[in-house]
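Beneath this line is the structure, given in structure tokens, with notes to follow.
The values are calculated or read from the model by the stated rules, or taken from the named source; none is laboratory data. Owing to the predicted nature of the structure, the values given are computational and were not obtained by experimental measurement. Here the Cβ is made from the backbone with ideal geometry for all residues, glycine too, and neighbour counts use every protein chain on show.
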Amino acid sequence: MFRLVPDSDILARALLRSCTPPARPIPKCSIASVSAVFHARNEAEHVSMNNTVETIQVPAQITEKWQEIIDLLAEMLHVPSALIMKVESPNIRVFVRSESEGNPYERDERACLNTGLYCETVMKTRQLLLVPDALADQEWNANPDIKLGMISYMGVPVAWPNGDIFGTICVLDAKPNAYSELYRKLLFQCREVLQTDLKLLQASAELELKVLERTAELRRSGELLHEAQTVLAHATRVTTLGELAASIAHEVSQPLAAMSLNATVGLCSLDLENPDLSEARDALRAIVMDGNRANDVIRRVRALAKMNDIQKMPLDINDVIKEVMLIFRQEALSHGVSLSQELASAIPQVLGDRVQLQQVIMNLLMNGIQATSAVTGRRHELRVRSQEHGPDHILVAVEDTGTGIEPQNVDRLFSAFFSTKLDGLGIGLSICQSIVEQHGGNIWGTSNSGVGSTFQFTLRARGETSS
Ligand SMILES: Nc1ncnc2c1ncn2[C@@H]1O[C@H](COP(=O)(O)OP(=O)(O)OP(=O)(O)O)[C@@H](O)[C@H]1O
Ligand SMILES: [Mg+2]
């Protein structure tokens with residue numbers, strides 16, 4: 001049928017044939033162009049399939065099955081060669097060859113298309129080709145396979161379910177052979193088996209493609225969600241603490257600077273040989289005024305923290321906790337802290353401001369993460385609990401396995417600007433306290449009997465009147 005590189009004689013004849021109109025009505029053309037024609041025909045309806053078909057690999061167990069079929073075919077038809085050919089444009093490859101005696105074709109042998117092969121015609125016409133005696137046939141007496149001693153041929157095209165050509169299944173003989181009707185039927189039956197396998201392969205490849213696409217889609221959504229959670233967790237803290245810190249820094253630094261200037265002026269006035277008491281008094285008055293101003297600023301900032309303009313609505317605190325946990329999970333994971341929850345079922349609703357209550361839980365969780373990060377040699381865990389508390393309150397607790405609370409700090413935890421952290425503002429718990437009190441509750445923190453500490457707060461259950 002072919003050799004890897006056709007010798008010059010065959011090549012010359014092949015080229016000649018490709019320029020000369022064939023004697024038979026069947027037009028010749030290269031497999032490349034055959035393949036292009038078939039592709040074009042199916043392109044509109046099978047764009048995605050074409051891509052799939054090109055990359056589908058025939059697995060070993062199917063190749064083994066095809067090997068048995070092709071061996072049987074050669075044996076039953078008493079021919080030296082039965083083949084399954086595969087188009088791999090611009091070549092055609094021996095995909096499976098019968099292990100029969102005298103078979104001149106080797107597995108994986110490739111030949112250039114457009115050389116007048118029997119198989120080219122089969123694929124072009126998409127029909128059975130029967131050449132009983134090529135030597136006696138003007139159309140075929142110069143074809144490349146004669147060089148290999150193969151002078152008769154019978155082959156049919158093998159196609160993917162979308163119509164693309166896979167290749168051919170064929171038999172060749174070293175002597176004239178008319179191949180009986182029964183043999184033809186047998187060849188068609190073998191082709192049916194091959195095409196059924198290709199159908200299954202294409203279906204499973206398409207399914208695999210869909211799974212891959214869906215997985216990629218899910219991964220993309222997961223990444224976007226993670227991004228959004230990180231941004232939200234960060235933004236919520238930044239807007240609260242960042243804005244407060246900025247206003248404190250800006251508003252307090254001016255009176256402080258003025259106070260230190262006036263103190264210097266006062267001291268200079270007193271240090272004079274004849275102390276200027278009046279000027280010293282003025283300086284001290286200015287210091288008092290600036291002190292009051294700084295105090296006002298702090299009060300205003302605290303009022304801001306209280307956020308008087310709150311919007312209360314009936315809430316299930318468990319929902320609020322779950323929302324925060326969802327946002328916080330990544331933050332915790334990135335610090336190597338595991339988060340867990342133990343939420344009471346059927347807990348009474350509260351009348352509250354969702355965003356503010358989220359703030360409280362977030363601040364407690366953030367403190368918990370920081371407290372656990374400060375210790376080594378034990379598991380870093382945070383647990384959020386919710387439960388009823390007395391007849392008219394609910395309680396939320398955040399337990400950690402962190403540093404615990406130094407006894408001398410217990411009374412100062414909720415004071416504004418109390419912090420034991422290098423970069424702490426000392427505002428988180430103070431804000432929590434303001435919010436919790438606005439919701440008719442209390443907040444407190446204690447060291448655990450084991451390791452770490454627990455910060456818990458109560459909220460008035462819905463329907464209860466304020467005390
Ligand atoms: N879970 C905890 N374990 C141990 N100590 C804690 C815990 N939570 C708070 N503290 C102590 O209380 C102090 C005040 O906490 P607070 O949240 O008000 O401020 P901060 O965390 O230091 O700074 P920020 O204003 O950034 O929140 C902390 O500096 C820390 O000493
Ligand atoms: Mg804090």
*asked:* Just the residues that are touching a residue at least 60 places away in the same chain (Cβ under 8 Å), more than 16 Å from L113 (Cα to Cα), aliphatic (A, V, I, L, M) and not in a helix (DSSP H, G or I), please, taken from the range 143-165.
replied: M150, V158
*So which of L395, L351, L357, L365 ends up being more than 11 Å from ligand 1 (Cβ to nearest atom), in the same structural domain as S334 (by TED's automatic domain parsing) and either within 37 Å of the chain's Cα centre (by Cα) or buried (at least 22 other Cβ atoms within 10 Å of the Cβ) (or both)?*
L357
*Please find, within the range 418-442, the residue that is nearest to ligand 1 (Cβ to nearest atom) out of those that are within 20 Å of R462 (Cα to Cα) and among the polar types (S, T, N, Q).*
Q433
_Considering only residues that are of a type in the set (V, I, T), farther than 16 Å from L395 by Cα and either touching a strand residue (DSSP E or B) at 6+ places or on another chain (Cβ under 6 Å) or in a helix (DSSP H, G or I) (or both), which ones fall in the range 416-452?_
I431
_Tell me whether the range 253-267 contains one or more residues that are within 30 Å of F328 (Cα to Cα) and modelled with pLDDT under 75._
no
*asked:* Which of the strands (runs of 3 or more DSSP E) found entirely inside the range 90-132 contain at least 2 residues meeting this: at pLDDT 90 or above?
replied: 91-97, 129-131
*Hey, E213 hits all of (1) within 26 Å of the chain's Cα centre (by Cα); (2) buried (at least 17 other Cβ atoms within 10 Å of the Cβ) but one; which does it fall short on?*
(2)
*Search the range 416-467 for residues being away from ligand 2 (no atom under 16 Å from the Cβ), among the small types (G, A, S) and surrounded by 14 or more Cβ atoms within 10 Å (Cβ to Cβ), and hand back the single one that is nearest to T403 (Cα to Cα).*
S447
_Of all residues in the range 385-415 being within 15 Å of ligand 2 (Cβ to nearest atom) and in contact with a Ser or Thr (Cβ under 8 Å, 6 or more places away or on another chain), the one that is nearest to A344 (Cα to Cα)_ = V398
*Unmet criterion (only one of (1) of a type in the set (S, T, N, Q); (2) in a loop (DSSP other than H, G, I, E, B); (3) under 28 Å from D197 (Cα atoms)) for T168*: (2)
